Amino acid sequence: MASPGAPLLVEDLTWPAVARLVEAGQSLCVLPVGAVEQHGRHLPASTDTDIATAVCRAASARTGAPLLPTLWAGSSQAHTTAWPGTLSLSPRLLIDVVVELATWIRASGFTRLLLVNAHVGNAAPLRVAVDEIRARGELRVGLVSWYELTPEIAAEVTADADDWHAHAAETSLMLHLRRELVDGDEIRDDEDRTGDLVLSYTVAETSREGLTGAPSRASAEQGAALFEAVITALAERIERARTEEPPTL
């Protein structure tokens, strides 16, 4: 079992230990969902997965919620093959993967599942996965994205771009979490060109070097503050999800 202040990682447990968790009343588990995709010249391809893992581990440490291994392969087709480093599932395949995992999660005894998303491109497929899991009636399931947990977090995330990627907020978080992976010499800004567009375009059609926003505004201090805000909000959602019931029951 996890020590006080440590995340409760399901992958580190034996099957009897998982069974004891469920018998002790741990009905909810958390599944972080990230991506491996290019993040401009200055951030690693692991950015979304690193953020998903870090915020969920910290929230698990605060709440004691069982944490599943991070799903690192997301739906990143919008990034195209213009830049190396992106590894993507199709939207339909991501849906199928999450729905299949839900079957095994239920088989382990858990009855509630919270998906925690860290990549904008995952949001639509994950909402479909939630619909399909809900329709099966085996699990209570929900979806949150770290970047919109509260109005304050959403405002900070979109401060330098609405269609953001590898921007100030993400760069600040990575400077706080994994500074050694941030190439400060390659930080450069690129404006958001999507504001008046009617149709949908790939990142390669809207960004010059795979980023959108102003990472030059980032700092580790801002990242630490944002990280704390995200953890606090996520821990609150986890606690609510443990006991929440349908409003009409």
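The values are calculated or read from the model by the stated rules, or taken from the named source; none is laboratory data. Please read these numbers as outputs of a predicted model, since none were measured by experiment. Positions of Cβ are backbone-derived with ideal geometry, glycine not excepted, and every protein chain shown enters the neighbour counts. Surface accessibility is based on the protein's heavy atoms, side chains included, excluding ligands, DNA and RNA. Shrake-Rupley method; radii C 1.70, N 1.55, O 1.52, S 1.80 Å.
Please indicate, with yes or no, whether at least one residue in the stretch 126-141 is open to solvent by less than 40 Å² (accessible area, probe 1.4 Å) and in contact with a Phe, Trp or Tyr (Cβ under 9 Å, 6 or more places away or on another chain). I'd like the intermediate steps shown before the answer.
Our first condition is that a residue be open to solvent by less than 40 Å² (accessible area, probe 1.4 Å); within the stretch 126-141, this holds for 126, 129-130, 133, 139, 141.
Filter again for in contact with a Phe, Trp or Tyr (Cβ under 9 Å, 6 or more places away or on another chain), leaving 139.
Checking the stretch 126-141: at least one residue is open to solvent by less than 40 Å² (accessible area, probe 1.4 Å) and in contact with a Phe, Trp or Tyr (Cβ under 9 Å, 6 or more places away or on another chain).
Go through (1) surrounded by 22 or more Cβ atoms within 10 Å (Cβ to Cβ); (2) in contact with a helix residue (DSSP H, G or I) (Cβ under 6 Å, 6 or more places away or on another chain) and name the single condition ALA6 misses.
(1)
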